[in-house]
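Right, one structure below, let's go through it.
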Amino acid sequence: MVTSFSRLLVLAAGIGLALPVSAATLRVGAGQTYALPSYAAAKAQDGDTIAIYPGDYSDCAVWRQKNLVIEGQGGSPAETVIADKACQGKALFIVDAPGITIRNLTLTRARVPDMNGAGIRMQAPDLTVEKVRFIDNQNGILTNSSVGGFLIVRESDFVRNGICAPVCAHGIYANKLDLLRVEGSHFTETHDGHNIKSRARRTEVLNTTITDGPEGTSSYLIEAPNGGDLIVRGNTLQKGPKSGNHSTFISIGAEGVNQPTTEIKIENNRVQFEGNYAPSFVTNLSVTDAIL
């Protein structure tokens with residue numbers, strides 16, 4: 001006899017649905033099943049949720065399972081802090097599987113001898129980052145050179161990231177993705193490097209605030225060094241008196257255009273400038289007209 005539950009299993013399998021019973025929630029924190037995020041990372045399976053409870057964790061983790069959700073359980077990202085370690089000499093969190101979401105955490109003080117330690121090192125496609133604070137890292141987010149897919153960053157803060165010693169690290173350094181989208185986020189006091197450097201085929205920066213403030217020494221606010229489609233819309237952009245680059249706010253094609261570049265639209269932004277120098281707003285070295 002075929003039960004109704006058996007019919008449900010057959011139906012779900014027939015239309016390609018993942019059954020919820022296959023996913024688990026792994027709880028991390030004092031008094032929880034796992035004391036550290038790295039312990040949960042070693043036990044997780046595809047599709048699991050890693051619930052990290054408020055606290056300060058001197059730890060790093062490599063996430064190797066697909067479609068994970070890794071999220072802080074506090075009321076704000078500041079309550080759940082991952083700090084001071086770097087797995088594989090790279091990052092606090094290394095993303096080694098596709099389809100991962102990371103949210104509601106603080107990632108801070110990533111340092112490595114190569115001087116490019118990241119809050120998140122993206123080594124697999126299709127990463128979503130929501131409500132994460134990246135504070136005082138060498139890179140906020142760094143992607144590998146051949147990842148592909150998308151990186152979506154929403155409602156996240158990048159504070160005092162970046163360094164040039166001797167090569168430069170940045171707030172976000174996206175290599176050859178299909179899409180980088182940054183929306184509703186905040187960058188401030190970036191050191192030496194760029195706030196957003198993107199070699200993606202398409203880069204979108206939307207409704208975001210990028211400010212040097214009085215102490216920030218960043219170079220470009222946004223750079224697309226190899227071209228690619230670029231949309232910069234609805235942002236507040238401010239260069240400060242200590243900026244390390246006096247030439248321009250937004251740079252396109254400075255390292256040679258090798259990405260298809262079909263549109264460059266920079267619209268409805270609020271632009272502020274404080275300093276004893278005269279930068280351009282946009283420097284476009286591609287053959288595609290920038291529409292401002």
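The values are calculated or read from the model by the stated rules, or taken from the named source; none is laboratory data. Since the model is a prediction, treat every value here as computed from it, not as a measurement. Neighbour counts run over all protein chains shown; Cβ positions are idealised from the backbone, glycine included. These area figures cover heavy atoms from the full protein model, side chains too; ligands, DNA and RNA do not enter into them. Shrake-Rupley method; radii C 1.70, N 1.55, O 1.52, S 1.80 Å.
Descriptive notes on the structure:
- Failed item, numbered, when G99 is tested on (1) within 24 Å of D157 (Cα to Cα); (2) assigned to a loop (DSSP other than H, G, I, E, B); (3) open to solvent by 30 Å² or more (accessible area, probe 1.4 Å): (3)
- Residue list for segment 155-205, filter: among the β-branched types (V, I, T) and either open to solvent by 20 Å² or more (accessible area, probe 1.4 Å) or farther than 15 Å from I252 by Cα (or both): V159, I163, V167, I172, V182, T188, T190
- When residues in segment 272-288 are screened for being modelled with pLDDT of 95 or more and open to solvent by 70 Å² or more (accessible area, probe 1.4 Å), 2 of them pass.
- Any hit, segment 247-261, residues being open to solvent by 20 Å² or more (accessible area, probe 1.4 Å), touching a residue at least 12 places away in the same chain (Cβ under 8 Å), part of a strand (DSSP E or B) and charged (D, E, K, R): no
- Any hit, segment 206-220, residues being open to solvent by 20 Å² or more (accessible area, probe 1.4 Å) and closer than 20 Å to R109 by Cα: yes
- Hits in segment 124-143 (condition: outside any strand (DSSP E or B) and open to solvent by 40 Å² or more (accessible area, probe 1.4 Å)): P125, D126, D136
- Pairs with Cβ under 7 Å, 6+ apart, first in segment 16-38 and more than 14 Å from V69 (Cβ to Cβ), second modelled with pLDDT under 55: L19/A12
- L237 more than 20 Å from D289 (Cα to Cα) and of a type in the set (A, V, I, L, M, F, W, C): yes
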